[in-house]
Amino acid sequence: MKPLALFGGTFDPVHLGHLSVAWEAAELLDAEVRLMPAHVPPHRPAPLASADQRVALLKAALQGQARLALDTRELERQGPSYTVDTLRELRAEIGERPLVLLVGADAFAGLPTWHRWRELFKLAHIGVLSRPGADVVVPDELHAEVAQRGVADVRLLRESSSGHMAELSVTPLEISATRIRELLAEGRDPRYLLPCGVFADASLLQPYRSAR
Ligand code: ATP
């Protein structure tokens, strides 16, 4: 059965780095990939754009293709959006189907700060997306988990429901939402770092331009 892969983030705003790695992960795993914007990221400062604005950007970004979808369940839930709760909810919906949580290498290094992080492996596999420019130091407790769960062959993620961790080697694109927010706030036009759909409506990027 095709794995379901989730790619969570603040997407403040969604950029071509996100779309490219999500697309390549979909190909490598032959998975259905859903981008899942976070409501109140428990371990991060609040996003600059509102939840509605970030969803509008994601919808515009995802137009014209069918492989990457949008899942707004975390925005519909009250309170902080803990990944472990989201995975539990999804697991109840999909039964034994393989479930893969996709995280960039920088986010993966911070995994031990996530709420009930060890439970994540009971609910899903973790696919770690290579990310250039990320100064990644994997903490000891995570190393131990990787030694036990790490697999070199990504196909193993298709053959069971949860519990493995694999690196997904994707084309390095050194793009970050932080840099894009800076460029927009400076009045620059990061045209080819963002999906073209977000330029169709001038109001979509306004929250970042007006941060000047
Ligand atoms: P910010 O600069 O605001 O921290 P970001 O560009 O890291 O944002 P997020 O929405 O925080 O974007 O990221 C969501 C997920 O996407 C995280 O797992 C992150 O590691 C991953 N990610 C973001 N950009 C890239 C990229 N260029 N290559 C690989 N993974 C990425």
Within segment 54-96, residues touching a residue at least 24 places away in the same chain (Cβ under 8 Å), β-branched (Val, Ile, Thr) and surrounded by fewer than 19 Cβ atoms within 10 Å (Cβ to Cβ) come out as THR72, VAL84, ILE94
Taking segment 147-171 as the search range and keeping residues that are surrounded by 14 or more Cβ atoms within 10 Å (Cβ to Cβ) and in a loop (DSSP other than H, G, I, E, B), which one is nearest to the ligand (Cβ to nearest atom)? VAL170
So, first residue in contact (Cβ under 8 Å) with a residue 60 or more places away in the chain in segment 160-188, second residue among the acidic types (Asp, Glu) and assigned to a loop (DSSP other than H, G, I, E, B), Cβ within less than 8 Å, six or more apart or across chains; the pairs are SER161/GLU96; ALA177/ASP12; ARG181/ASP12
Restricting attention to segment 172-193, does a residue exist that is more than 10 Å from the ligand (Cβ to nearest atom), open to solvent by less than 20 Å² (accessible area, probe 1.4 Å) and assigned to a loop (DSSP other than H, G, I, E, B)? yes
Pairs only if they're at least six apart or on different chains, beta carbon under 6 angstrom, first in segment 101-116 and under 23 Å from LEU16 (Cβ atoms) and in a helix (DSSP H, G or I), second near the ligand (Cβ under 7 Å from one of its atoms) and not small (Gly, Ala, Ser); list them, first residue then second. ALA105/ARG131; ASP106/ARG131
Show the residue pairs that are 6+ apart or on different chains and have beta-carbon atoms under 8 Å apart, the first residue being within segment 131-157 and farther than 12 Å from PRO112 by Cα, the second being of a type in the set (Ser, Thr, Tyr). GLY133/SER176
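The values are calculated or read from the model by the stated rules, or taken from the named source; none is laboratory data. This one's a predicted model, so the numbers in the text were calculated from it and none came from an experiment. As a convention, Cβ positions derive from the backbone with ideal geometry for all residues, glycine included, and neighbour counts pool all protein chains shown. Only protein heavy atoms, including side chains, enter the accessible area calculation; ligands, DNA and RNA are left aside. Shrake-Rupley method; radii C 1.70, N 1.55, O 1.52, S 1.80 Å.
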